[in-house]
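The values are calculated or read from the model by the stated rules, or taken from the named source; none is laboratory data. Remember, it's a predicted structure, so these values are computed and weren't measured experimentally. We place every Cβ from the backbone using ideal geometry, glycine too, and count neighbours over all the protein chains shown.
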């Protein structure tokens, strides 16, 4: 099923907050630190700052990516939307806007880490989790746009 991407608007805070909160509720290793209302408020702040792009299918928000410059702050999908190319589409749009991206992913989130590695991100650092709210060990991952190799002229062209 196809999807479209668009900048989020204030009315998307409820759905993006629900998606974010569902992840915490549905993930056994993830501590639930905030209520759904707090998640909605948090998403509203990111939307107000212009950071959020949403993916829609049949008029429904099915995922979102929040990006502050080169930092990917959030990339979450509705529970039944994994494996449909939505996350990849959101990430491709972010890559088109920036020559380098970075993010923090929890070590326990092996699925996300595999996804980012498939998309060209490399692990550059690890922490014990003391710097994040959940206290969970995390990894810093970076993607750098490949530099184009200049075309070399043949020896015959160089002599002209």
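Contact map, region 38-50: first residue over 15 Å from residue 23 (Cα atoms), second residue surrounded by fewer than 13 Cβ atoms within 10 Å (Cβ to Cβ), Cβ cut-off under 9 Å, separation 6 or more or different chains; pairs are 44/10; 46/68; 47/7; 47/9; 47/10; 48/10; 49/68; 50/7. Counting only residues that are in contact (Cβ under 8 Å) with a residue 60 or more places away in the chain and surrounded by fewer than 16 Cβ atoms within 10 Å (Cβ to Cβ), region 1-26 holds 1 of them. Residue-level analysis places residue 105 among those that are at pLDDT 95 or above, in contact with a helix residue (DSSP H, G or I) (Cβ under 7 Å, 6 or more places away or on another chain) and closer than 21 Å to residue 64 by Cα.
Residue-wise test of (1) modelled with pLDDT under 95; (2) assigned to a strand (DSSP E or B).
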position: 56; (1), (2): no, yes
position: 88; (1), (2): no, no
position: 101; (1), (2): no, yes
position: 116; (1), (2): no, no
position: 129; (1), (2): yes, no
position: 132; (1), (2): yes, no
position: 135; (1), (2): yes, no
position: 150; (1), (2): yes, no
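Among the numbered conditions (1) in contact with a helix residue (DSSP H, G or I) (Cβ under 7 Å, 6 or more places away or on another chain); (2) over 15 Å from residue 7 (Cβ atoms); (3) buried (at least 16 other Cβ atoms within 10 Å of the Cβ), the only one that residue 79 does not meet is (3). Do we have any residue at all in region 63-73 that's surrounded by fewer than 19 Cβ atoms within 10 Å (Cβ to Cβ), under 20 Å from residue 18 (Cα atoms) and in contact with a helix residue (DSSP H, G or I) (Cβ under 7 Å, 6 or more places away or on another chain)? For region 63-73, residues surrounded by fewer than 19 Cβ atoms within 10 Å (Cβ to Cβ), under 20 Å from residue 18 (Cα atoms) and in contact with a helix residue (DSSP H, G or I) (Cβ under 7 Å, 6 or more places away or on another chain): present.
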